[in-house]
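See below for the structure under consideration.
None of the figures in this text is laboratory data; all of them are computed from the coordinates on show. Fair warning: this is a prediction, and the values are worked out from it, not measured in the lab. Virtual Cβ from ideal backbone geometry, glycine too; neighbours counted across all protein chains shown.
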Amino acid sequence: MQESRLLSTAQVEEFREQGVLVVQGFYDLEADILPIQRGIHQLIGQVMKRHGLPDRRAPFRPESFDEGYVEMIRANRALGGEVYDAVKQIPAFIRLLGLPQHEDVFRELRKNSIPGIAAGGYGIRIDNPNEEKFRAPWHQEYPAQLRSLDGLVFWSPLVSVTEALGPVRFCPGSHRLGPLPVYTRDPENPDKAGAYALRLKDEQKLVARYPQIAPLTGPGDLVIIDFLTLHASGHNRGERSRWSMQFRYFNFDEPCGLRHGWRGSYAAGVDFVKIHPELCADEDLS
Ligand SMILES: O=C(O)CCC(=O)C(=O)O
Ligand SMILES: [Fe+2]
């Protein structure tokens with residue numbers, strides 16, 4: 001077995017205890033992050049071009065790569081959806097998905113694992129100011145992703161996340177609860193579908209049992225999240241969208257995944273309930 005190289009023994013231990021770990025300066029800003037920010041700047045321009053909108057933006061700068069985006073969606077929210085779908089196809093983003101260090105970190109945290117990249121489990125979130133529709137309520141990653149129980153989310157911001165931008169919230173230690181029952185529809189939000197409609201059963205009771213952290217991070221930082229750790233989007237009350245990347249890895253050698261054949265969830269066209277009927281709490285709903 002290889003020795004732990006990218007994470008210290010203390011970091012490995014912290015992750016095991018907390019189910020979440022912040023690694024500052026994990027990525028190389030110039031080589032890894034800047035090309036993605038440049039790609040987003042370009043694709044915002046391409047969406048403007050597609051719709052015949054004048055592009056009055058300043059030349060690209062990493063700090064303001066998303067200039068014009070908030071104004072654009074304020075005029076027409078659908079254009080935000082176009083940008084969202086486009087940016088996950090930026091070559092530099094896909095290159096970072098397969099970064100060897102992701103695999104190395106996975107092996108350091110999941111000894112003797114066979115790491116896999118969760119197909120359809122990567123993307124760039126754009127959490128817009130004062131928007132509720134796509135905000136993630138308290139959840140564990142597993143029901144929305146499946147693949148294997150012991151997966152990891154690699155989460156990394158493309159902007160400096162201030163309190164105003166609504167940092168992601170975590171319940172450290174909650175991964176020890178194991179996979180929790182969920183409702184597959186949300187009566188309060190009937191317009192939500194698929195993974196967006198999943199709601200944790202007894203959400204408030206469960207969350208109240210844990211302390212909460214909401215680390216402030218910036219470009220280059222990495223947050224590693226256990227597939228079973230409770231976490232939720234913050235509320236963006238700022239002036240700018242909170243842009244962040246998600247890469248999800250799983251383990252081909254975990255018993256539950258081996259049993260169901262590393263199936264994906266909603267994004268892979270799979271009805272999660274067919275695979276885990278025991279985790280569906282819908283019978284409680286009227
Ligand atoms: O960035 C967010 O608001 C939520 C992130 C999340 O749930 C995830 O990366 O799995
Ligand atoms: Fe999540």
Ellipticity estimate at 222 nm from DSSP helix runs (n ≥ 4, -39,500 (n - 2.57)) divided over the chain, nearest 500: -7500 deg cm²/dmol
Arranged from highest to lowest average of other beta-carbon atoms within 10 Å per residue, in what order do the peptides 249-257, 223-231 appear? 223-231, 249-257
Take ALA92, project a point 7 Å from its Cα along the Cβ direction, then tell me which residues of the stretch 53-82 have their backbone nitrogen under 16 Å from it. 59-67
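Classify the stretch 9-130 as rounded, prolate or oblate from the Cα gyration tensor: take a ≥ b ≥ c as the square roots of its eigenvalues, call it rounded if a/c is under 1.5, otherwise prolate when a/b beats b/c and oblate if not.
Values: a/c = 2.37, a/b = 2.33, b/c = 1.02.
It is prolate, given that a/c is not under 1.5 and a/b is the larger ratio.
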Tell me which trypsin sites (Lys or Arg not before Pro) from the stretch 1-46 have a DSSP coil assignment and no more than 11 other beta carbons within 10 Å of their own. ARG5
Loop sites in the stretch 149-247: GluC sites (Glu not before Pro), DSSP, at most 15 other Cβ within 10 Å: GLU188, GLU239
Can you tell me the length gained on complete extension of the stretch GLN42 to ARG185, counting 0.36 nm per residue apart and subtracting the Cα distance? 47.8 nm
Please give the helix 100-109 orientation as an angle from the longest Cα principal axis of the chain, in degrees from 0 to 90, rounded to the nearest 10. 30 degrees
Just check the stretch 81-221 against the gyration tensor rule for me: Cα atoms, a ≥ b ≥ c as the square roots of the eigenvalues, rounded for a/c under 1.5, and otherwise prolate or oblate depending on whether a/b exceeds b/c. rounded
So if I take the centroid of the Cα atoms in the stretch 172-197 and the same for the stretch 256-286, what is the distance between those two points in Å? 12 Å
Which aspartates and glutamates, on any chain, are close to LYS49 with Cα under 20 Å apart, when same-chain ones fewer than 8 places away are left out? ASP66, GLU67, GLU71, GLU82, ASP85
Surface/4 of the Cα convex hull for the chain, nm²: 15.2 nm²
Report the extension gain between VAL273 and GLU103 in nm, rounded to one decimal, defined as 0.36 nm multiplied by the number of residues separating them, less their alpha carbon distance. 58.2 nm
Can you give me the Cα centroid spacing of the stretch 96-164 and the stretch 4-21 in angstrom? 17 Å
Residues of the stretch 188-217 with amide N under 13 Å of a point placed 7 Å along Cα→Cβ from GLU132: 188-192
What is the spin-label model distance, in nm, from ASP55 to GLU13 if the labels are put 7 Å beyond Cα along the C-beta direction? 5.2 nm
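Within the chain, what percent of beta bridges assigned by DSSP are antiparallel, to the nearest 5? Write down the numbers at each step before the final one.
Numbers: 28 of 29 bridges.
Antiparallel: roughly 95 percent of the beta bridges in the chain.
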Looking at the square roots a ≥ b ≥ c of the eigenvalues of the Cα gyration tensor of the stretch 144-286, which shape do they give, rounded for a/c under 1.5, prolate if a/b is larger than b/c, or oblate? prolate
Are there any trypsin sites (Lys or Arg not before Pro) in the stretch 92-171 that are in a DSSP loop and have at most 11 other Cβ atoms within 10 Å? List them by number. LYS111, LYS133
